[in-house]
Structures are given as structure tokens and as C-alpha cells.
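Notes to accompany the following structure.
Quick note: the coordinates plus some simple rules give every number you see, no bench work behind them. The structure presented is a predicted model; accordingly, all values stated were derived computationally and were not measured. Neighbour counts run over all protein chains shown; Cβ positions are idealised from the backbone, glycine included.
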Amino acid sequence: KPVSSRKHSPREELEARAQQTRADIEAHAQHAREELEAQVKHARDQFDQAQEKIRQRTGRNLLAAIAIGVVLGGILLVSLLFYSWLFIPFAAALVGFTVWELATALRRDGRDVPRIGSILVGVGVVPVAFFFHVPGLWLATLAGILVISIWRLVELVRPSHRGSARDVLADLGAGLFVQLYVTFLAGFYVVLAGEDGGQWWVLAGLIIVVVADIGAYAAGLSFGRHKLAPKISPGKTWEGFAGAALVSMVAGTLLAWLMLGQPWWEGTIMGLVLMLVGTMGDLIESLIKRELGIKDISGWLPGHGGFLDRLDSILPSAAVAYAFFLVFH
């Protein structure tokens with residue numbers, strides 16, 4: 001005799017429906033999660049491919065470069081606009097790291113440059129330039145060069161640091177070059193920051209140089225076809241140069257009008273001149289690296305290389321920015 005099926009109570013039917021609904025929701029959620037993960041992976045793959053193309057074309061890690069730039073820019077703004085005394089340790093740290101990088105690169109090329117002495121001199125010049133302005137910068141730099149030269153000569157008592165007269169003279173010249181190229185040039189921005197109202201000119205000069213670099217990067221990446229100086233810096237193009245000129249003149253015009261309180265045309269001229277000088281500084285650093293047989297001065301700043309790779313266009317612009325301050329302020 002067959003067993004008759006038992007009828008489900010309303011409560012059991014409700015629980016069955018709830019379980020089915022829960023199972024349907026979990027299935028939909030799982031499907032949505034899988035679709036989202038697939039979309040995220042696809043977007044990440046596309047982003048990585050774009051990053052790799054940019055890295056292959058420009059040699060930069062774009063995200064790392066932006067992050068480093070934002071951090072340094074934030075510290076700079078705080079030190080210039082809110083706590084002016086902070087600009088001294090900020091500039092001293094930049095000078096010290098950059099001097100270390102260049103001295104280390106020269107030592108790898110065979111030049112015996114005293115690194116510790118070079119750093120001490122570079123850092124020591126910064127507060128003197130801030131408080132005693134251009135005369136202090138000149139005297140401190142000359143005294144620093146004398147200290148580095150004596151340091152190198154004293155090292156001759158150690159057999160490992162001895163060499164021919166020609167090599168010693170080359171070492172002395174390399175030590176002098178480090179101080180003039182890094183400490184002395186950077187000192188003009190320190191001098192400018194110590195002037196009444198000079199912090200705004202420091203900020204304007206740095207903004208123009210950075211904007212010019214961004215303009216050259218974007219224009220070169222988008223339209224670059226004709227090489228600017230292929231034997232020195234193969235990545236630079238005339239299209240990038242034109243983009244840098246355009247954005248730097250626009251930035252200079254706006255900064256003169258809105259921040260410096262100067263006629264707009266003075267800002268246009270300043271933007272163009274700072275761009276030209278910054279480009280020259282970039283090419284000079286590229287020439288130095290080519291002579292030393294290296295791609296980057298160091299790897300301390302991801303996306304930039306080293307501090308000198310970031311400051312190459314800023315260093316020579318410092319004296320020009322100070323000159324514009326003297327003429328127009």
C-alpha cells in the first residue's frame with residue numbers, strides 16, 4: 001500500500017521559500033562578486049599595460065613620480081608659507097642628499113671626492129645663505145671649497161687615497177664642481193627664501209619649472225616625434241619643448257598677476273626664461289650621466305631616479321629666479 005505524502009504546513013512552506021530566496025541571493029551575490037573581480041582584474045591589467053608603455057617610452061614610474069612630487073611639494077609649501085624656519089632643514093636635507101649622490105657617482109668614476117666633508121659643507125652653507133644672503137652664500141661656498149680641498153689633501157697620508165698629481169688635481173676639481181653645481185646654485189633659492197617676500201618668488205619659480213617639466217612630459221608623450229638632443233637625452237623632443245614653453249609662459253603670467261603682484265608680461269618673460277634655463281639644466285645633468293655611464297644618479301626617489309634627477313632643472317633656475325626678484329620686486 002503506497003505511503004501518502006504529508007502536506008507541508010504554512011510555516012514549513014515559508015521556511016522553504018526563505019531558504020530558496022537566501023540561496024538565490026547568495027548565488028546572485030557570488031555572481032556579482034565574480035563579475036566585479038573580473039572587471040577589477042581587467043582594469044588593473046589595462047592600467048599595468050598603460051603604465052608599462054609609459055615606462056618604456058619615458059623611463060618613469062608615473063604613480064611613484066606623482067606620489068614623491070606630492071610629498072615633497074607639501075613639505076615645501078608648509079616650510080615656505082607657514083613656518084619659514086623649516087625651509088632651512090628642508091633645503092639642507094635636499095642639498096645634503098644631492099651632494100652625496102653626485103659625489104658617490106664621481107667616486108664610482110674614479111674621482112676621490114670626500115663625501116662626508118662635501119655633505120657637511122653643503123649643509124653648512126644653507127643657513128649662512130638664508131641669514132646673510134648673497135655675500136654669505138659666496139663666502140660660505142668659497143670656504144667650503146677650501147675645506148674640501150684641504151680634506152682631500154690630508155687624505156693623501158693614507159695609502160689607499162694616494163695618486164698621481166694629475167689624479168689629485170682632478171679630485172680637487174671634482175670636489176669643487178660638486179659644491180658649485182649643487183650647493184652654490186641651490187643656495188640662491190635659500191637666499192631668496194630669506195628675503196622679505198622672497199618666499200613667494202621661490203614658490204613661483206619652482207611652480208614654473210615643475211609645470212614646464214610636466215608640459216614637456218605630456219606634450220612629448222602625446223606628440224613627440226622630433227628629437228631635441230638625441231646624443232645627450234634621447235627622450236626629449238621639440239614637441240615637448242614647445243609644450244613646456246607654452247605652459248611655463250601661461251603659468252608665469254598667472255603667477256605674476258595673481259601671486260606676485262607684478263605686470264602679467266613680466267611673468268610671461270620669467271616663465272619663458274626659467275623654462276629655457278631649466279631645459280639647459282636638464283640637458284647638463286643628462287650629459288653628466290652620459291659621461292659617467294649611468295642612467296640615474298641614484299634610485300632613492302622611485303619614478304625620479306635620485307634627488308639630482310629631480311633637481312636638475314631647478315638648480316640653474318634658482319639664480320635666474322633671484323635675478324628676476326632683484327629686477328622686478
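Some points to look at:
- Answer label for log10 I(q)/I(0) by the Debye sum over Cα atoms at q = 0.07, 0.10 Å⁻¹ (calculated), chosen among [x] -0.40, -0.67; [y] -0.35, -0.71; [z] -0.29, -0.61: [x]
- Within the chain, the whole DSSP H helices whose Cα atoms reach 30 Å or more along their own axis and whose mean Kyte-Doolittle score is at least -0.5 are 87-108, 115-154, 198-223, 264-292.
- Virtual spin-label span in nm between residue 246 and residue 226, 7 Å along Cα→Cβ: 1.5
- Note on residue 108 and residue 81: their simple-model spin labels are 3.7 nm apart, each label 7 Å out from Cα toward Cβ.
- Equivalent ellipsoid of region 235-329: semi-axes from √(5λ) of the C-alpha gyration tensor, largest first, are 28, 14, 11 Å.
- Taking each DSSP H run with n ≥ 4 as -39500 (n - 2.57) and averaging over every residue of the chain yields -26500 deg cm²/dmol at 222 nm.
- Under the criterion of Cα pairs below 8 Å and six or more residues apart, the relative contact order for the chain equals 17 percent.
- Projecting label points 7 angstrom from Cα along Cα→Cβ for residue 138 and residue 169 puts them 2.8 nm apart.
- Summed side-chain charge close to residue 280 - residues other than residue 280 whose Cβ falls under 14 Å, Lys, Arg +1, Asp, Glu -1: -3
- The stretch between residue 131 and residue 291, if pulled fully straight at 0.36 nm per residue, gains 53.9 nm over its current Cα-Cα span.
- Rounded to the nearest 0.05, the FRET efficiency derived from the C-beta distance between residue 162 and residue 35 at R0 = 51 Å is 0.10.
- All aspartates and glutamates inside 16 Å of residue 236 as judged from Cα atoms, apart from same-chain residues fewer than 8 positions distant: 213, 282, 285, 296, 309, 312
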